[in-house]
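Pasting a structure here, questions to come.
The values are calculated or read from the model by the stated rules, or taken from the named source; none is laboratory data. The structure displayed is predicted, hence computed values, not measured ones. Cβ: placed from backbone, ideal geometry, glycine included. Neighbour counts: every protein chain shown. Side chains are part of the model used for accessible areas, which takes the heavy atoms of the whole protein and leaves out ligands, DNA and RNA. Shrake-Rupley method; radii C 1.70, N 1.55, O 1.52, S 1.80 Å.
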Amino acid sequence: MRRSALITGASRGIGAATARCFAARGWALQLLARDGPALDALASELRSQGAVVHWAMVDLSKAEDIPTSVETLLAAGGPPGVLINNAGAGYTAPLATMSLQDWQWLVQLNLTSVLQVTQVVLPGMRSAGGGLIINIGSHAADHAFPEWGGYGMTKAALAAFSRFLALEEASRDIRVTTVTLGAVNTPLWDTPTVHVDLDRRAMLDPEHVAHALLQLAEQPPRQRIETLTLLPAAGAL
């Protein structure tokens, strides 16, 4: 398997921490996010340390822009050995009052964009003889929290997507893992679509999540880990 990783949502939080972690281990990187200046700065930082980095800017909430951006990355860096579908948004609101516009935006960003990116990456990964797809899930997929219904629904659907994809691609030596996370101290909690006040000091660190993702990526190709759950020591918060 090629030691190259394509990471979505790579400009900050878990994505940026994962890029740094993989680069330190000698992996080549293909980074995707909507914040071009932040990606450029991260790429420059990693290249100064000897890493091979390609990046492309795309807003994953805009379905029509995704295929071209991913194809640009693949043309520059080749098919990745590992795809980490990390990008996504948090959202809190009662289901009874959630607007259709917000629902469609959240589904596109947290679920449909994962399908789109995966569909572009799969042909090259198959041709290369296999690979690993890691989808970043949430504890909210299986545990209900007030006003997290829309978000939890997208993550539950993502977990199902992972299971079906794993079954369909197993004969091609493509493994699929869902990493289910509890609360992680990332900029997600500062976004205008999340209205929750939690003790961020008790949350998981993005760097710890990144190291877990690296461990998954460096498992023997003949070993499959279907799910991995990481929670704060204090619980789900």
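With the structure loaded, tell me whether Val53 is in contact with a helix residue (DSSP H, G or I) (Cβ under 6 Å, 6 or more places away or on another chain), under 18 Å from Val209 (Cβ atoms) and either open to solvent by less than 60 Å² (accessible area, probe 1.4 Å) or at pLDDT 95 or above (or both) or whether it fails that test.
Against the criterion (in contact with a helix residue (DSSP H, G or I) (Cβ under 6 Å, 6 or more places away or on another chain), under 18 Å from Val209 (Cβ atoms) and either open to solvent by less than 60 Å² (accessible area, probe 1.4 Å) or at pLDDT 95 or above (or both)), Val53 does not qualify.
Report yes if Arg222 is within 26 Å of Ser4 (Cβ to Cβ), surrounded by 14 or more Cβ atoms within 10 Å (Cβ to Cβ) and among the basic types (Lys, Arg), otherwise no.
Values: within 26 Å of Ser4 (Cβ to Cβ): yes; surrounded by 14 or more Cβ atoms within 10 Å (Cβ to Cβ): no; among the basic types (Lys, Arg): yes.
Against the criterion (within 26 Å of Ser4 (Cβ to Cβ), surrounded by 14 or more Cβ atoms within 10 Å (Cβ to Cβ) and among the basic types (Lys, Arg)), Arg222 does not qualify.
While we're looking at this one, here's another question. I need a count of the residues in the range 132-188 that are part of a helix (DSSP H, G or I) and among the acidic types (Asp, Glu).
So the answer is 2.
Separate question: Being aliphatic (A, V, I, L, M), surrounded by fewer than 16 Cβ atoms within 10 Å (Cβ to Cβ) and within 16 Å of the chain's Cα centre (by Cα) is the filter here, so list the residues in the range 158-188 that pass it. Can you show your working first?
Of the range 158-188, the ones aliphatic (A, V, I, L, M) are 158-160, 165-167, 170, 174, 176, 179, 181, 183-184, 188.
Of the ones still in play, those that are also surrounded by fewer than 16 Cβ atoms within 10 Å (Cβ to Cβ) are 160, 167, 170.
Of everything in the range 158-188, just one residue is aliphatic (A, V, I, L, M), surrounded by fewer than 16 Cβ atoms within 10 Å (Cβ to Cβ) and within 16 Å of the chain's Cα centre (by Cα), namely Ala160.
Of the numbered conditions (1) surrounded by 15 or more Cβ atoms within 10 Å (Cβ to Cβ); (2) over 15 Å from the mean Cα position of the chain (by Cα); (3) farther than 28 Å from Ala93 by Cα, Ala212 fails exactly one; give the number of that condition.
Failed condition: (2).
May I pose another question? Determine whether Thr193 is among the polar types (S, T, N, Q), open to solvent by 20 Å² or more (accessible area, probe 1.4 Å) and under 20 Å from Asn86 (Cβ atoms).
Against the criterion (among the polar types (S, T, N, Q), open to solvent by 20 Å² or more (accessible area, probe 1.4 Å) and under 20 Å from Asn86 (Cβ atoms)), Thr193 qualifies.
Under the condition of being open to solvent by 60 Å² or more (accessible area, probe 1.4 Å) and in contact (Cβ under 8 Å) with a residue 12 or more places away in the chain, which residue from the range 130-144 is farthest from Ala5 (Cα to Cα)?
Of everything passing the filter in the range 130-144, His143 is farthest from Ala5 (Cα to Cα).
Could you list, in sequence order, the residues of the range 114-129 that are open to solvent by 20 Å² or more (accessible area, probe 1.4 Å) and of a type outside the set (A, V, I, L, M)?
Answer for the range 114-129, where residues must be open to solvent by 20 Å² or more (accessible area, probe 1.4 Å) and of a type outside the set (A, V, I, L, M): Gln116, Gln119, Pro123, Gly124, Arg126, Ser127, Gly129.
Name the residues in the range 64-113 that are hydrophobic (A, V, I, L, M, F, W, C), open to solvent by 20 Å² or more (accessible area, probe 1.4 Å) and assigned to a loop (DSSP other than H, G, I, E, B), would you?
Leu95, Ala96, Met98, listed by residue number.
Could you look through the range 7-30, keep only residues that are farther than 21 Å from Glu64 by Cβ and in a strand (DSSP E or B), and pick out the one that is most open to solvent (accessible area, probe 1.4 Å)?
Ala28
Do we have any residue at all in the range 213-225 that's outside any helix (DSSP H, G or I) and either more than 20 Å from Thr177 (Cβ to Cβ) or among the β-branched types (Val, Ile, Thr) (or both)?
Yes; the residues of the range 213-225 include at least one that is outside any helix (DSSP H, G or I) and either more than 20 Å from Thr177 (Cβ to Cβ) or among the β-branched types (Val, Ile, Thr) (or both).
Residues to consider are Gly129, Gly124; find the one that is part of a loop (DSSP other than H, G, I, E, B), of a type in the set (Gly, Ala, Ser) and closer than 23 Å to Gly77 by Cα.
Result of the check over Gly129, Gly124: Gly129.
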